[in-house]
Amino acid sequence: MNKFIQIRFIILTLWVSLFVPTAQAQVKISEITFQKRLHYKVEISNATFLIDKYSGGISSLTDKQGKDWIQWKRLAEEKYPESAAGDFRGMPNFVYGGDDNGTGHPGYEKVMCFNDGENRIRIKSMSGKWEWQYEFFQKYMKIQVLSTPASERNYWFLYEGVPGGEFNPEQQYWGTQKGLKTSMPDYLKGEEEYGKWDWVFFGHQNFNRVLFLVQKRADKNSDTFGFLGDSESGLQSEDGMVVFGFGRGRNATPLLNSNQIFYVGFYEKLVDSDSFSKLASYIQKTIF
């Protein structure tokens, strides 16, 4: 390599390092208090995540317009179905039942949570049986399960929240890799839908974006979707949440028992039957 080429190479390298942002450079991690609990605040280009430091659960997921798609909050008393307006919400809400119940669910005291680099947060349960990490990129996050007590207890991955920032089944839609859906299964009435889905999405007709969730390693476990109102009025309730679960079987049964990888992100367009293929292409190129 002659001297002129060497100089050009050095200049190009410096330009890339100074002016081309890396994935990590697009991520900002700080600490705040939310709902009277310490949280990590993680900002990427199109979303802000709040992670409860004592449970490892994501209690808030805010889009560019300031709409919170989870809205976890502590209510006066945890009851069914009333807590669909607050305590039940969160993501990924990994562990249900047993001594580690609540691990990964906002509001519990189950984990040690620490910043592990420029774009990662590592979570270890105090029991030593569960470990996972959140890894953040410019437009999405990756959740990698690193350790589970597979012989003792299964887990699931849940999104329990409010697409577009409100409970309004008639204005919301959802779908899977199989297509767009506008059905409104009432979870309280046992009408939830089951399938085997690699990825899902949730949207609101008034907003030009959808939230997508991906399970990277396909399996044969059942997944579920429904709307849970916070009163006996069901879908007509004033508040409530979406109930979605990878590996959530009938009778609220956790089914996952291996170290899975999940992705969460926003696709910044309204999705209808005509544009579904563009969303599918985006997810395929971004994740797979």
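The values are calculated or read from the model by the stated rules, or taken from the named source; none is laboratory data. All values derive from a computational prediction rather than experimental measurement. Positions of Cβ are backbone-derived with ideal geometry, glycine not excepted, and every protein chain shown enters the neighbour counts. Calculation scope for accessible area: heavy atoms of the full protein, side chains included, ligands and nucleic acids excluded. Shrake-Rupley method; radii C 1.70, N 1.55, O 1.52, S 1.80 Å.
Some observations on this one:
- Tally, over segment 62-96, of residues that are in contact (Cβ under 8 Å) with a residue 40 or more places away in the chain, farther than 30 Å from Lys139 by Cα and open to solvent by 20 Å² or more (accessible area, probe 1.4 Å): 1
- Hits in segment 187-201 (condition: part of a strand (DSSP E or B) and surrounded by fewer than 19 Cβ atoms within 10 Å (Cβ to Cβ)): Glu193, Tyr194, Gly195
- Matching residues, segment 99-119, being of a type in the set (A, V, I, L, M) and open to solvent by less than 30 Å² (accessible area, probe 1.4 Å): Val111
- Restricted to strands (runs of 3 or more DSSP E) entirely inside segment 129-183, no element has at least 1 residues that are hydrophobic (A, V, I, L, M, F, W, C), open to solvent by 50 Å² or more (accessible area, probe 1.4 Å) and at positive phi.
- Sole exception among (1) crowded, with 19+ Cβ neighbours inside 10 Å; (2) farther than 23 Å from Asp63 by Cβ for Met241, by number: (2)
- Residues of segment 189-226 classified as touching a residue at least 60 places away in the same chain (Cβ under 8 Å), out of contact with any strand residue (DSSP E or B) (no Cβ under 6 Å at 6 or more places or on another chain) and among the hydrophobic types (A, V, I, L, M, F, W, C), total: 1
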